[in-house]
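Single-structure report; data block below.
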Amino acid sequence: MTKYFLLTAGLCAILMMPVISCNRSKEKEQEKTEVVPEDIVELRSDQEKLADIKTGFVEQRSMSGLLKVNGKVTVSPQDLATVCAPMGGFIKSTSFIPGNAVRKGQILAIIENQEFIDIQQNYLEAKNKFDYAEAEYKRHSDLYKQDVYSQKNLQQVTTEFKNLKAQVKALEQKLALIGINASGLREDNISRSVTVLSPISGYIRTVNINIGKYVNPSDVLFEIVNGDKLLLELDLFEKDADKVTAGQKIRFFINNEKEQHEAVIYQTGKSINPDKTLKVYATVITTCKNVIPGMYVNAMIESGSDQVLAVPSDAVVNFEDKDYIFVFSRKKTESGKLFSEYRMIQVQKGIEDDGYTEINFPDGMNAKTLRIIVKGAYTLLSAKKNAGEMAC
């Protein structure tokens, strides 16, 4: 029994020796394996090349803060015309539709009205009477100077002369109002129709008439817009009122287009609307082919310029609602393979402008000596999120 126990114990000891040796080997291997800090991401040289990692340095840049606002394209009152018929009438002819270009003084429509005939007749009759009264006034004035004519008779002639003069002048203005030149009016060229002329050059936005339609003096026949001098009417929140002044530049976009347009603020509103906003007006300074009044715009107002530390915007990544950049840490070799270490640093973002972002670094960090990952930062972030998939 004792011999059997000793034999069994010896056999167990022999079988345990490889296990103990294996465990010690694993412990030594674990001791040799380097523990990678949580803020470090490793890439092999081939992985680094595949990810196309590019480095750069923090720059000192003059950057403008941007205020994002919305609004619409408009024009000044002198570049928007509403065309009416001062005396109304029936539309005899027109050939315009919305979108047509017109020039100042061009005929838009022809209107007929019996009252046009009456005004012309009244004018010619008054003009003839005035011509006779004027001759009588001059004749009686000369006779009065020669003591041939009484003062009372001269006063009567003078009153008649002045009344007819006022009547003629008033009828001349009525004729001008409907578009008839009184100086060219004769008994043989009285017309029942008048022309409606364009008061400005531009394009027709709306047409509210057709042939045969009767229009009243208050009816809008056409709306004409001069699109050569476009303006922006923007809504700015009350809290940002002190950040905007005349002369500041604006970059804006329409219809989700990528083409950027520019404007300059020329005036800010002096009153607050019920929704706690105020109006900002700007002049469009670039040629915009597809921009027309009434369009909705997304705009960015440059609210100042400062010298700040900045990096390309692609260098900043967001992870768990915090902003980070990656910096090159060192090169190393493991098991005969070359690795690069990149350190993840939490930063505070500032203003963004023209593809760059202002960065506020942790206190005590000399940011100007850091090699920033300016291309491939999101690849490193993916390696961080999926530790072990890209790094060994």
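Summary of computed values
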| quantity | calculated |
| --- | --- |
| Exclusive hit being free of Cβ contacts under 8 Å to residues at least 12 places away in the same chain and in the same structural domain as Val102 (by TED's automatic domain parsing), set Ala135, Ala126 | Ala135 |
| Matching residues, the stretch 305-343, being surrounded by 12 or more Cβ atoms within 10 Å (Cβ to Cβ) and within 20 Å of Ser45 (Cβ to Cβ) | Phe326, Val327, Phe328, Ser329, Lys332, Glu334, Leu338, Phe339, Ser340, Glu341, Tyr342, Arg343 |
| Cross-chain or 6+ apart pairs with Cβ under 6 Å, the stretch 31-52 first and aliphatic (A, V, I, L, M), then at pLDDT 80 or above | Ile40/Glu341; Ile40/Arg343; Val41/Tyr342; Val41/Leu380; Val41/Ala383; Leu43/Ser340; Ala51/Gly376; Ala51/Thr379 |
| Considering residues of the stretch 79-104 that are over 25 Å from Gly294 (Cα atoms) and touching a strand residue (DSSP E or B) at 6+ places or on another chain (Cβ under 7 Å) only, the residue surrounded by the fewest Cβ atoms within 10 Å (Cβ to Cβ) | Ser93 |
| Criterion: within 20 Å of Gly294 (Cβ to Cβ) and of a type in the set (A, V, I, L, M) - qualifying residue of Val194, Val215, Val225 | Val225 |
| Matching entry among Val291, Val308, Val347, Val327 (being in contact with a strand residue (DSSP E or B) (Cβ under 8 Å, 6 or more places away or on another chain), hydrophobic (A, V, I, L, M, F, W, C) and assigned to a loop (DSSP other than H, G, I, E, B)) | Val291 |
| Test result for Asp363, of a type in the set (Asp, Glu), over 27 Å from the mean Cα position of the chain (by Cα) and assigned to a loop (DSSP other than H, G, I, E, B) | yes |
| Residues that are surrounded by fewer than 16 Cβ atoms within 10 Å (Cβ to Cβ) and within 60 Å of the chain's Cα centre (by Cα), drawn from the stretch 129-159 | none |
| Matching option when the condition is exposed (fewer than 14 other Cβ atoms within 10 Å of the Cβ) and under 33 Å from the mean Cα position of the chain (by Cα), among Ala241, Ala246, Ala263 | Ala246 |
| Matching entry among Gly212, Gly202 (being surrounded by 17 or more Cβ atoms within 10 Å (Cβ to Cβ), small (Gly, Ala, Ser), touching a residue at least 12 places away in the same chain (Cβ under 8 Å) and in contact with a strand residue (DSSP E or B) (Cβ under 8 Å, 6 or more places away or on another chain)) | Gly202 |
| Cross-chain or 6+ apart pairs with Cβ under 9 Å, the stretch 65-79 first and closer than 16 Å to Arg251 by Cα, then in a helix (DSSP H, G or I) | Gly65/Lys243; Leu67/Asp240; Leu67/Lys243; Val69/Asp240 |
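The values are calculated or read from the model by the stated rules, or taken from the named source; none is laboratory data. Please read these numbers as outputs of a predicted model, since none were measured by experiment. Backbone-built Cβ (ideal geometry, glycine too); neighbour counts: all protein chains shown.
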